[in-house]
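The values are calculated or read from the model by the stated rules, or taken from the named source; none is laboratory data. These figures come from a predicted structure and were not determined experimentally. Neighbour counts are summed over all protein chains in view; Cβ atoms, including those assigned to glycine, are modelled from backbone coordinates with ideal geometry. Heads up: the accessible areas ignore ligands, DNA and RNA and are worked out on the full protein's heavy atoms, side chains in. Shrake-Rupley method; radii C 1.70, N 1.55, O 1.52, S 1.80 Å.
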Amino acid sequence: MELPKNYEPQSFETEIYSNWESSGYFRPEVDRNKTPFSIVIPPPNITGQLHMGHALNNTIQDIIIRHKRMQGYSTLWLPGTDHASIATEVKIVDQLRTEGLEKEDIGREEFLKRAYQWKETYGGKIVRQLRRLGCSCDWSREAFTMDERCSRAVREVFVNLYRKGLIYQGSRIINWCPHCHTALSDAEVEYEAQDSHLWHIRYPYADGSGYMVIATTRPETLLGDTAVAVNPKDERYKDKVGKMLKLPLTDRLIPVIADDYVELDFGTGCVKITPAHDPNDFEVGLRHNLEVIRIMDDGGVINENGYAYAGMDRNEARKKMVEDLEAQGLMEKIEPYSHNVGCCYRCKSTVEPIVSKQWFVRMEKLAEPAIKVVRNRKITFIPERFAKTYFNWMENIKDWCISRQLWWGHRIPAWYCEDCGEIIVEKEDPTRCPHCGSTKLRQDEDVLDTWFSSALWPFSTLGYPEATEDLKYFYPTNVLVTAYDIIFFWVARMIFSGLEHMGEIPFPEVLIHGIVRDAEGRKMSKSLGNGIDPLMLIDKYGADALRFSLTTGVAPGSDIRFSEEKMEPSRNFLNKLWNAARYVLMNSEGKTLPPIGSFSYTSADKWILYKLNQTVREVGVYLKKYELGMANAKLYDFIWSDFCDWYVELTKPALYGNSEKAALEALSVLTYVLKQILKLMHPFTPFITERIWRECGEKGTIMLESYPVYTKKFVFTAEYRKFEKIKDLIRAVRNLRAEMNVPVSKKLNLYIVSDIAKYIEKNSSYILKLANVEAIHFVSAKEEAGEKIASVVVPDAQVFIPLGELVDTEKELMRLDKELRNVEAEIKRGEGMLANAGFVSKAPKALVEAEQSKLEANREKRRKILANIESLK
RNA sequence: GGACGAUUAACUCAGUUGGUAGAGUGUCUUCUUGACGUGGAGAAAGUCAGGGGUUCGAGUCCCUUAUCGUCCACCA
């Protein structure tokens, strides 16, 4: 036995992991005789560092995967990383800037070379960190969204969707990030409330008959106005529709038009229409055939359409225009106003809605079946409420802008013929135009949205479009585990992609977990600096303790607050398990134990085996439902309270007694229960369980042991209940000892009056040991215990303890009085319930009977306590 | 504006078909009894946010109010 006294995870975790990895235990075979079970990892960004969110997400997946592996499934956990188009590009651009370079200076090819280099250097970091956590991923199948395989899938999907008319190119209003210089999808825009103003500006009528007042939050877009709209029902402006207005600060004339889009009761009832820079205005423009005038370039600078403001940054232009309008007496008023401003999800700059030619995925037809499979529960969300979030998004979905004006990513496989303008979208790179035969072809400069490739992840990683063995065997995957914040970005898109390209759902279950927050409940973020580094926690407490902490008290879908303090209880618990194992192993060293089942069990054995069996069942149920927090709690209670605090203590009389046979049998049960515990715990805390397992004289890894299952062999219900009475008795004596301040050095003599005296006598060794008792005397009446006695009443027994001078009569009376009050409260409650005719007639019979017998027992207890009080007086 | 979640012991949180409220931490008392002081034994501590309803019975189901939080939408 080589276990040191204290649990020191640092001394074995790394070694155990590399042992697992090199043994190939993580790598499943495509085995038709086994049922497959697969999970694809939510691929972390190559720019990322392992944070607490990853730690939680991957701990959950690893628990599920390890559990399934132990259940005998052919289990695949497919890992990989995401190229993270924008995030990575930003990093490379930053890196270039430190050298005084812009990306244009080095050109696309060189830029990509650098990006790949960067990926090689830093992209593997997070993957190594996952190993520290203990993740049993099949690294031989590791994927990357831009590797050859995934890229082929992207190409295949793009071309197929294009051919079906589900991908198209068009000039539409999109969200533009002037900082990242790219279009964004709607999902990539975050809204943030900002304090601003509502500027009321006068637009004079061209005929000199006064002016209209429009209210706007974005005065600078005035330069692109091509109309002012009013509601057709608005009596105030009925006769103005059709008139022309002089657009301030310009020389243009714009019409007053009528459109239902305008609300009657907001602002002045007049809305400036800027089709090039507002999604709603764009729609209005289409309806009224308005000119679309872009006034800003891709960097947010006013362009040549901006009159005197051309060349100014958008913020600068706003300021100057407001000044100018005031100077010209065209500013009616300025009100403070708070409204939501769209921001880029990566760089947080204010996005600019602009009209731009981009590629889109037509969503309507794709969304329909994706909604259906969740409606008819082919895919379920756990917890179910997230289905609602999903429906809300899917049912209101707009076309997905997939082109990005970046270099790092999958380049759009579209070529333009320079001669005839033909657009060519093919699975293989074209060399000549199929329309005019020209060889002057130019590939689209843009790349695809990162999420376009992530959407294909459950099948691109398995070999799609090829019908590989992996794809046939492991698709669909079994469960997807993710936080709720990427349901739109990722989950929804995987669902419609799987249905469209594979003709099958990608997974039947979506397990949603929450976000790891700090002690104050704030999101952990770099900018707040409130993040905790999981690697630091692993170094300090071990990966197992981190995993156990993260699954303590978690319920699906709910956020968890985390602080380092939460590590200690887990570490202490593992230390407890460690030492319980030491106890078992130290004592059984060099001994040949009789196999479990080959001898008759003691009362205590039956009690613990029964409890173990119950725990096995409960943990199994919770794991099936992904109630990891509950499974965790059950294991904690069983191991600490039942096994360590009780059973281990209960075996001491046998182990240190004079019967070799009894000692060996106790050790056999101890070893059996310990091993079952290790197996039960293994998915949660893989390292410590493997470490101890090795000490148990086992040859193989615990990873491949079968997970414990409920057995009829250990249904010792009656024995269990009976033994609980022995525990009650022990507890009562301990309690009395504490309350009476009896020193531990003082061994007690118990006088017991009981109907189950024989049973108590049989189990007296436990009482002697655990309650620190000298001797037990079975008597028929209290008087036999002598003078100066304390007393306790427990189920089926009365215990009298002569304490001589230690008995403080006053104190004992007070103690008895307290007990009396407790039991009387119980009696009152029971009587109340049983006096209720409704309860007696309508509640389940078993419950009523239980109440009745409880009431009788309590009345009995009261009688005895009263008698004891009486005799003391 | 809409949807969802939270509100339980001093703190952090569990509580799965409705059946006498639980854990960890902290607090108090006590113990070097041969696995563990990262421990053992014992104790104190909650009108389960407020109000109403359904029920024999509600922390649990329904309605409502309040506070906090999240997501979606977006009226210039």
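Just to be sure I understand, how many residues within the range A:627-667 are more than 23 Å from A:Arg731 (Cα to Cα), more than 10 Å from RNA strand B (Cβ to nearest atom) and part of a helix (DSSP H, G or I)?
Here the count works out to 8.
Looking at the range A:1-49 only, could you name the residues that are within 16 Å of RNA strand B (Cβ to nearest atom) and open to solvent by 50 Å² or more (accessible area, probe 1.4 Å)?
Those that are within 16 Å of RNA strand B (Cβ to nearest atom) and open to solvent by 50 Å² or more (accessible area, probe 1.4 Å): A:Met1, A:Glu2, A:Pro4, A:Lys5, A:Asn6, A:Glu8, A:Gln10, A:Ser11.
Test A:Ser598 against the stated conditions and say whether it is modelled with pLDDT of 95 or more and assigned to a loop (DSSP other than H, G, I, E, B).
Yes: the conditions hold for A:Ser598.
Just name the residue that is surrounded by the most Cβ atoms within 10 Å (Cβ to Cβ) out of those in the range A:584-607 that are among the small types (Gly, Ala, Ser) and over 10 Å from A:Leu670 (Cβ atoms).
The residue in question is A:Ala604.
Quick check, is A:Asp470 out of contact with any Lys or Arg (no Cβ under 6 Å at 6 or more places or on another chain) and outside any helix (DSSP H, G or I)?
Taking the combined requirement at face value, the residue does not satisfy it.
Quickly run through the range A:560-591 and pick out the residues that are free of Cβ contacts under 8 Å to residues at least 40 places away in the same chain, more than 8 Å from RNA strand B (Cβ to nearest atom) and not charged (D, E, K, R).
A:Met567, A:Ser570, A:Gly590
Okay, residues lined up against (1) assigned to a helix (DSSP H, G or I); (2) within 14 Å of RNA strand B (Cβ to nearest atom); (3) open to solvent by less than 70 Å² (accessible area, probe 1.4 Å); (4) of a type in the set (Asp, Glu):
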{"position": "A:Ser780", "(1), (2), (3), (4)": "no, no, no, no"}
{"position": "A:Asn822", "(1), (2), (3), (4)": "yes, yes, no, no"}
{"position": "A:Ser841", "(1), (2), (3), (4)": "yes, yes, no, no"}
{"position": "A:Ala850", "(1), (2), (3), (4)": "yes, yes, yes, no"}
{"position": "A:Lys864", "(1), (2), (3), (4)": "yes, no, yes, no"}
{"position": "A:Ala867", "(1), (2), (3), (4)": "yes, no, yes, no"}
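Within the range A:370-385, which residues are part of a helix (DSSP H, G or I) and either open to solvent by 100 Å² or more (accessible area, probe 1.4 Å) or in contact with a helix residue (DSSP H, G or I) (Cβ under 6 Å, 6 or more places away or on another chain) (or both)?
Matches in the range A:370-385: A:Ala370, A:Ile371, A:Lys372, A:Val374, A:Arg375, A:Arg385.
Please work out if A:Glu235 is open to solvent by 70 Å² or more (accessible area, probe 1.4 Å) and in contact with a strand residue (DSSP E or B) (Cβ under 7 Å, 6 or more places away or on another chain).
Taking the combined requirement at face value, the residue does not satisfy it.
Against the definition (free of Cβ contacts under 8 Å to residues at least 12 places away in the same chain and either farther than 22 Å from A:Ile730 by Cβ or in a loop (DSSP other than H, G, I, E, B) (or both)), how does A:Glu831 come out, yes or no?
No, not satisfied.
Regarding A:Phe474, is this residue under 30 Å from A:Trp415 (Cα atoms) and buried (at least 24 other Cβ atoms within 10 Å of the Cβ)?
Taking the combined requirement at face value, the residue does not satisfy it.
Please go through (1) farther than 23 Å from A:Pro42 by Cα; (2) assigned to a loop (DSSP other than H, G, I, E, B); (3) in contact (Cβ under 8 Å) with a residue 12 or more places away in the chain for A:Pro556 and return the number of the only condition it doesn't satisfy.
Result: A:Pro556 fails condition (1) only.
Look at the range A:432-465 and say how many of its residues are of a type outside the set (A, V, I, L, M), open to solvent by 10 Å² or more (accessible area, probe 1.4 Å) and over 16 Å from A:Arg155 (Cα atoms).
The qualifying residues number 9.
If you take the residues in the range A:390-405 that are in contact (Cβ under 8 Å) with a residue 24 or more places away in the chain and open to solvent by 30 Å² or more (accessible area, probe 1.4 Å), which one is nearest to RNA strand B (Cβ to nearest atom)?
A:Trp393
Could you tell me which residue of the range A:674-718 is least open to solvent (accessible area, probe 1.4 Å), considering only residues that are small (Gly, Ala, Ser) and part of a loop (DSSP other than H, G, I, E, B)?
A:Gly700
Scanning the range A:494-553 for residues that are within 14 Å of RNA strand B (Cβ to nearest atom), free of Cβ contacts under 8 Å to residues at least 40 places away in the same chain and not in a loop (DSSP other than H, G, I, E, B), which turns out nearest to A:Ala633 (Cα to Cα)?
So, considering only residues that are within 14 Å of RNA strand B (Cβ to nearest atom), free of Cβ contacts under 8 Å to residues at least 40 places away in the same chain and not in a loop (DSSP other than H, G, I, E, B), the one nearest to A:Ala633 (Cα to Cα) is A:Ser549.
Return the residues of the range A:748-759 that are surrounded by fewer than 13 Cβ atoms within 10 Å (Cβ to Cβ) and either closer than 15 Å to A:Ile730 by Cβ or of a type in the set (Asp, Glu) (or both); say none if nothing qualifies.
Selection gives A:Asp755 alone.
Might you check whether a residue that is more than 29 Å from A:Val40 (Cβ to Cβ), modelled with pLDDT of 90 or more and aromatic (Phe, Trp, Tyr) occurs anywhere in the range A:492-515?
no
Looking only at the range A:608-626, count how many residues are surrounded by fewer than 19 Cβ atoms within 10 Å (Cβ to Cβ) and either within 6 Å of RNA strand B (Cβ to nearest atom) or not in a helix (DSSP H, G or I) (or both).
Adding up the residues that qualify gives 1.
Say we look at the range A:455-486 and pick out the residues that are among the β-branched types (Val, Ile, Thr) and touching a helix residue (DSSP H, G or I) at 6+ places or on another chain (Cβ under 6 Å); which of these is farthest from RNA strand B (Cβ to nearest atom)?
The qualifying residue farthest from RNA strand B (Cβ to nearest atom) is A:Thr477.
Among the residues of the range A:328-378, what is the count of those that are closer than 23 Å to A:His181 by Cβ and of a type in the set (Ser, Thr, Tyr)?
Of the residues in the range A:328-378, 4 are closer than 23 Å to A:His181 by Cβ and of a type in the set (Ser, Thr, Tyr).
Looking at (1) in a strand (DSSP E or B); (2) under 32 Å from the mean Cα position of the chain (by Cα), which is the only condition A:Val355 fails?
(2)
Out of A:Lys828, A:Lys769, A:Lys762, which single residue is open to solvent by 70 Å² or more (accessible area, probe 1.4 Å), within 11 Å of RNA strand B (Cβ to nearest atom) and modelled with pLDDT of 90 or more?
A:Lys769
Do we have A:Pro353 as open to solvent by 70 Å² or more (accessible area, probe 1.4 Å), farther than 30 Å from A:Val481 by Cα and within 14 Å of RNA strand B (Cβ to nearest atom) here?
Taking the combined requirement at face value, the residue does not satisfy it.
Looking at A:Glu156, A:Glu190, which one is in a strand (DSSP E or B) and open to solvent by 20 Å² or more (accessible area, probe 1.4 Å)?
Only one candidate qualifies: A:Glu190.
Select from the range A:159-187 the residues that are part of a loop (DSSP other than H, G, I, E, B), within 14 Å of A:Arg404 (Cα to Cα) and either hydrophobic (A, V, I, L, M, F, W, C) or within 16 Å of RNA strand B (Cβ to nearest atom) (or both) and list them in ascending order.
A:Cys180, A:Ser185
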